[in-house]
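> Below: one structure in C-alpha cells.
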Amino acid sequence: MIYLAIVLLILLFIAIIFLFTIIFNSLIFGHGITSHSNAIELLYKIIKANNLEEKKFYDLGSAWGRLSIKTQKKFPKLQILAIEDDRLRIFVSKLLQIIFRTKVQFFHDDLFNIDFKNADILFAYLWHTLLPQLEKKFLEQAKPGTIIITHETFFPNLKPNKIITLHPNKKNSEKLFIYKK
C-alpha cells in the first residue's frame, strides 16, 4: 500500500512538472495557441472544395500538433508536414502522433528553412511580425495554385482571395485569410 502511495506521488509530481513546463514554455517562447474548432472545420471545407484531400499540407508553426493530427484523422491520404521551432511542442506533438496513430511528419525547424515548392496548401497561425517574410517566401517558392491560409494575421501586400469571419455575429471575431498563388 505504501508503494502505491509513493508511485502515485511520483506520478503526480511528474504531471505537475510537465504542466509547469508547458505553461512556462508558452510564456517564454510564444503563445502556442492552437486554432479553434471553427477554424479547423473551415479548413476542412477549403481542403474539400479544392480537391486537396490527397495532396501536401504544411502546418507552419504547428504548436502542440492539434490541427495537424485532427486534419490527418479527417483526411488520411493527406500528406501533412508540421513545422514548429519549439522542441517541447514537437516532443508533445510526436507523443500525440503515436497515441492517435497518424502519419503526420513533425519537424523541429525554423519555417523559413522549409522549401514550399511541394506544398499544395499551407496553414499559418503565426505572429504578425513573421508575415512579411512569409509572404515573400510564399511568392518566391510556392507553385501556381498553392493555397495559403493565415489565421488572424494577414500579408502586408498580397490581397486575400477570400476573408472568412469565424463568428460573424461577434465583434472583433477571428478571421481566416485565404490566398491562392
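Derivation of every value follows stated rules applied to the coordinates shown; laboratory data play no part. Because the structure is predicted, anything quoted here is derived from the model rather than measured. Cβ: placed from backbone, ideal geometry, glycine included. Neighbour counts: every protein chain shown.
> Along the Cα→Cβ direction, 7 angstrom out, place labels at THR165 and PHE91. What is the inter-label distance in nm?
Spacing of the two 7 Å Cα→Cβ label points: 4.3 nm.
> Of LEU111, LEU88, how do they rank once you tally other Cβ atoms within 10 Å and put the fewest first?
Numbers: LEU111 22, LEU88 18.
So the ranking, lowest neighbour count to highest, is LEU88, LEU111.
> Follow-up. Fewest Cβ neighbours within 10 Å first, please rank GLU53, GLU152, GLU84 accordingly.
Working: GLU53 14, GLU152 17, GLU84 26.
By the 10 Å Cβ count, ascending: GLU53, GLU152, GLU84.
> Loop-only trypsin sites (Lys or Arg not before Pro) in the range 49-119, please: DSSP not H, G, I, E or B, and at most 16 other Cβ atoms within 10 Å. Don't jump to the answer; show the numbers that get you there.
Values: sites: LYS55, LYS56, ARG66, LYS70, LYS73, LYS74, LYS77, ARG87, ARG89, LYS94, ARG101, LYS103, LYS117; in loops: LYS55, LYS77, ARG101, LYS103, LYS117.
Sites meeting the loop and neighbour criteria: LYS77, ARG101, LYS103, LYS117.
> Helix 2-29: angle to the longest alpha-carbon principal axis of the chain, degrees 0 to 90, nearest 10?
Between the helix axis and the principal axis of the chain, the angle is about 30 degrees.
> If you don't mind, another one. Against the longest principal axis of the chain, how steep is helix 37-49, in degrees 0 to 90 to the nearest 10, with axes from Cα atoms?
Orientation of helix 37-49: about 40 degrees from the principal axis.
> Which label belongs to the value computed from this structure, given these candidates for Rg and Dmax of the Cα atoms in Å: [x] 18.1, 66; [y] 25.2, 92; [z] 21.7, 83?
[x]
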